[in-house]
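Novice: Sharing a structure below in structure tokens format, with a few things to ask.
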Amino acid sequence: MISVRDLTFSYGDNGPVLRGVSLDIDKGDAVCILGPNGCGKTTLLRCISGALSVLRGHITLWGNDVCDLKSKQIAKRLALVPQEEMHGFDFTVEEVVSMGRYPHLGRFEFEGPSHRNAVREAMRYTGTWQMRGKPITRLSGGERQRAVIARALAQDPSVLLLDEPTKNLDLRHTYDIMDLIRDRIESRELTTLCVLHDINLASRYFDRVVLMKKGRIVTEGRPEEVITSGNIRRVFGVVARVRGGQRPRIEVV
């Protein structure tokens, strides 16, 4: 569904942020990208989503070059949950989630029953229906993140991109959000690419892990193949003890 080939990207004259990145993601894959701050994880997601223009290399979505797809075409099938989102207006939670239906509406089309049902289903699934009339600006961090994820699910995407979906959340809300995402992946065969900082979360919830450093992919594979003490030291510069089998956990020494 997603193919990245020899992707290089830079912001202005500051040198490349991504350096020859190649990655394939098939239908139903649940992939997590790990790496230090500034290694290009978020930039890679934004290039795949079409938010950033490819400078060198190629990205194809569903067999089409991302450069040849209009933003609305992409949004009908791909949803991005950003790392952080500012809400400057007191939109209600239901209004925010309804924005996920915009790609499916015609120029002069109003939301019909099918659109309203999609919004309602996404909100009930994420536990946000009961707060539908509240202003988004008055929600807690965990509640707001659920609303943003509900908006993404209301798009009815086949591909979901998540940029640090648990950032600034406490332990309980972190696992609540990740349980919700994993359940959706399994129930809908939702193709998912997620950026995280927590190695143990990546191992617990994702079937494939990609390690990045300085704009390059260092290694990728199943959690037990990638999450090793040698790779952790190589990528993060940290000495860690790795325990477990298929879902390894690390302990910093």
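The numbers here are math on the coordinates, done by the rules we state, and not lab data. This structure is a prediction, so every number in the text was calculated from the model and none was measured. Glycine also receives a Cβ, built like all others from the backbone with ideal geometry; neighbour counts cover every protein chain displayed.
Novice: What angle, in degrees between 0 and 90 and rounded to the nearest 10, separates the Cα long axis of helix 171-188 from the longest principal axis of the Cα atoms of the chain?
Specialist: On a 0 to 90 degree scale, this one is about 80.
Novice: Using θ = phi - 60° and the Karplus relation 6.51 cos²θ - 1.76 cosθ + 1.60, list the HN-Hα couplings for the stretch 214-227 in order, rounded to whole Hz, with x at every Gly or Pro.
Specialist: Values per residue, Gly and Pro as x: 6, x, 10, 7, 7, 6, 8, x, 5, x, 5, 7, 8, 7 Hz.
Novice: Of the cross-linked pairs LYS27/LYS72; LYS76/LYS214; LYS134/LYS167, which ones have a Cα-Cα span greater than 25 Å in the structure shown?
Specialist: Working: LYS27/LYS72 21 Å; LYS76/LYS214 32 Å; LYS134/LYS167 22 Å.
Beyond 25 Å: LYS76/LYS214.
Novice: Another question, if that's okay. What's the exposure ranking of ASP29, ASP183, going from fewest to most Cβ atoms within 10 Å? Spell out each step's value before the answer.
Specialist: Values: ASP29 19, ASP183 12.
By the 10 Å Cβ count, ascending, the order reads ASP183, ASP29.
Novice: Going Cα to Cα from LYS213, which lysines come in below 18 Å? Please leave out same-chain ones fewer than 8 positions away.
Specialist: Straight-line reach from LYS213, under 18 Å: LYS41.
Novice: Separation between the GLU220 and ARG182 pseudo-spin-labels, each 7 Å from Cα along Cα→Cβ, expressed in nm?
Specialist: With each label placed 7 Å out from Cα toward Cβ, I get 2.2 nm.
Novice: To continue, here is another question. Mind sorting ASP156, ASP6 by how few other Cβ atoms lie within 10 Å of their own Cβ, fewest first?
Specialist: Details: ASP156 18, ASP6 12.
With the fewest neighbours first, ASP156, ASP6 line up as ASP6, ASP156.
Novice: Each residue of the stretch 57-69 in order: what ³J(HN,Hα) in whole Hz does its phi give by Karplus 6.51 cos²θ - 1.76 cosθ + 1.60, θ = phi - 60°, with x for Gly and Pro?
Specialist: 3J(HN,Hα) across the stretch 57-69, in whole Hz: x, 9, 10, 10, 10, 6, x, 10, 5, 4, 5, 8, 9.
Novice: A further question follows. Using a Förster radius of 25 Å, what is the FRET efficiency between GLN83 and LYS134 based on their Cβ-Cβ separation? Nearest 0.05, please.
Specialist: After rounding to 0.05, the efficiency reads 0.65.
Novice: What is the order of SER49, SER158, fewest Cβ neighbours within 10 Å to most? Present the calculation step by step, with values, prior to reporting the outcome.
Specialist: Details: SER49 22, SER158 18.
Ordered by Cβ neighbours within 10 Å, fewest first: SER158, SER49.
Novice: What is the set of long-range amide H partners of ARG208 at a cut-off below 5 Å, with H atoms built 1.01 Å from backbone N?
Specialist: ALA30, CYS32
Novice: For a quick protection proxy, order the peptides 33-41, 117-125, 145-153, 59-67 by their average other-Cβ count within 10 Å, most packed first.
Specialist: Values: 33-41: 20.2, 117-125: 18.3, 145-153: 25.2, 59-67: 15.8.
Descending mean neighbour count gives 145-153, 33-41, 117-125, 59-67.
Novice: I need the phi-derived Karplus couplings for the stretch 118-131: 6.51 cos²θ - 1.76 cosθ + 1.60, θ = phi - 60°, integer Hz, Gly and Pro marked x.
Specialist: With coefficients 6.51, -1.76 and 1.60, one gets 5, 5, 4, 5, 5, 6, 5, 5, 8, x, 10, 4, 5, 10 Hz.
Novice: For LEU7, which sequence-distant residues (separation of 5 or more, or a different chain) have an amide H within less than 5 Å of its own amide H, given hydrogens modelled in the peptide plane?
Specialist: The answer is GLY20, VAL21, SER22, HIS58.
Novice: Moving to a separate point now. In deg cm²/dmol, rounded to 500, what helix-only [θ] at 222 nm does the chain give when every DSSP H run of at least 4 residues adds -39500 (n - 2.57) and the total is split over its residues?
Specialist: On the way: 9 runs with 85 residues, N = 253.
Result for the chain, helices only: -9500 deg cm²/dmol.
Novice: Evaluate the chain: find the radius of gyration of its Cα atoms, find its Kirkwood radius, and give the ratio Rg to Rh. Can you show the working numbers first?
Specialist: Numbers: Rg = 18.4 Å, Rh = 19.0 Å.
We get a ratio of 0.97 for the chain.
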